[in-house]
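These notes are about the structure you will find just below.
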Amino acid sequence: MPAAPPPSDHLKFLGTAGARHVVATQVRHSGGLVYALGGFRLWVDPGPGALVRALASRPKLDPARVDALYLSHRHLDHAGDATAVLEAMTGGGFKRRAALFAPGDALEDDPVVFRYAQAFPARIERLRAGGAWELAPGITLATPLAHDHGVETYGYRLTAPGVSVGHVVDTFWMDALAEAYAGVEVLLVNTTRLQGGDRRLLHLGADDAERLIAAVRPRLAVLTHFGMQLVREGPERVALAISERTGVPTLAARDGQSLPLPPPLPAPHPGEDGREGP
Ligand SMILES: [Zn+2]
């Protein structure tokens, strides 16, 4: 086998599933996503199967080399494998290292990271509106506002040399979203339904995603966290329609996709951006 190319900054989608039916059937995987930024690795929202997806991915993602774990909120599709991943990150708990970022309600009553494992990371930070933390020199994480999702929920802005990413995780539409994520180059949007506006579900629809993308106008928008409606409709078609109407290049993430950071220009076209590996 040829030697692996040198690692470069990228974002790997270990899964693109959103909500119960897609997770339960695994028509899309629910491993969350992993950033590699200058040797620093951040794993976001490891749902059911995340550890297996990481070990099966090519190149294999070694959890022992992941430096931080971020849980946007306590729902199963975001945190089902949190304890398993944290154990793997910390040598089964024998190696106190890495950082855990999570809302307080994910760690306290009925915790989604088991209490015994909360002793494993070297650092635990409770997410809050207006929070900002340095992950490593030059890499910062910020949680601009609390989302409207029924449980304590935070999206984030991640800034590293040469790139800024905003990730709008699960939420009902809020006018404040556009300002909170303004200025990012890459905007990820958890687009769970075709249409939002249903307060029983508290998820964004593709209509909301389009409105947000049109307002933020990032260099690249990426839809992910698809519910069954989106999977049936075809996330690529939905993303293409948003690209055409807003003029903002918009992709639908695919399981196993690795997106170089910063993303290449012109916007990656569908045949080239879904390859495995950095
Ligand atoms: Zn949720």
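Considering the conditions (1) assigned to a helix (DSSP H, G or I); (2) more than 23 Å from L127 (Cβ to Cβ); (3) not aliphatic (A, V, I, L, M), R200 is excluded by exactly one of them, (1).
Listed here are the strands (runs of 3 or more DSSP E) enclosed by the stretch 96-136 that have at least 1 residues being in contact (Cβ under 8 Å) with a residue 60 or more places away in the chain: 131-136. Only one of (1) modelled with pLDDT of 95 or more; (2) open to solvent by 10 Å² or more (accessible area, probe 1.4 Å); (3) within 21 Å of L230 (Cβ to Cβ) is not met by R41, so which one is it? Looking at each condition in turn, R41 falls short on (3). Can A36 be described as under 22 Å from G256 (Cβ atoms) and within 16 Å of the ligand (Cβ to nearest atom)? Answer is no for this residue. Looking only at residues in the stretch 195-216 that are under 15 Å from P235 (Cβ atoms) and more than 16 Å from the ligand (Cβ to nearest atom), the one that is surrounded by the fewest Cβ atoms within 10 Å (Cβ to Cβ) is Q195. Residue under question is A119, and the condition is that it be on the phi < 0 side of the Ramachandran plot and open to solvent by less than 30 Å² (accessible area, probe 1.4 Å); does it hold? Taking the combined requirement at face value, the residue does not satisfy it.
Among the residues making up the stretch 73-107, a single one is of a type in the set (F, W, Y) and either buried (at least 22 other Cβ atoms within 10 Å of the Cβ) or within 16 Å of the ligand (Cβ to nearest atom) (or both): F101.
The values are calculated or read from the model by the stated rules, or taken from the named source; none is laboratory data. Everything numeric here is computed off the predicted structure, so don't read it as measured data. Backbone-built Cβ (ideal geometry, glycine too); neighbour counts: all protein chains shown. Side chains are part of the model used for accessible areas, which takes the heavy atoms of the whole protein and leaves out ligands, DNA and RNA. Shrake-Rupley method; radii C 1.70, N 1.55, O 1.52, S 1.80 Å.
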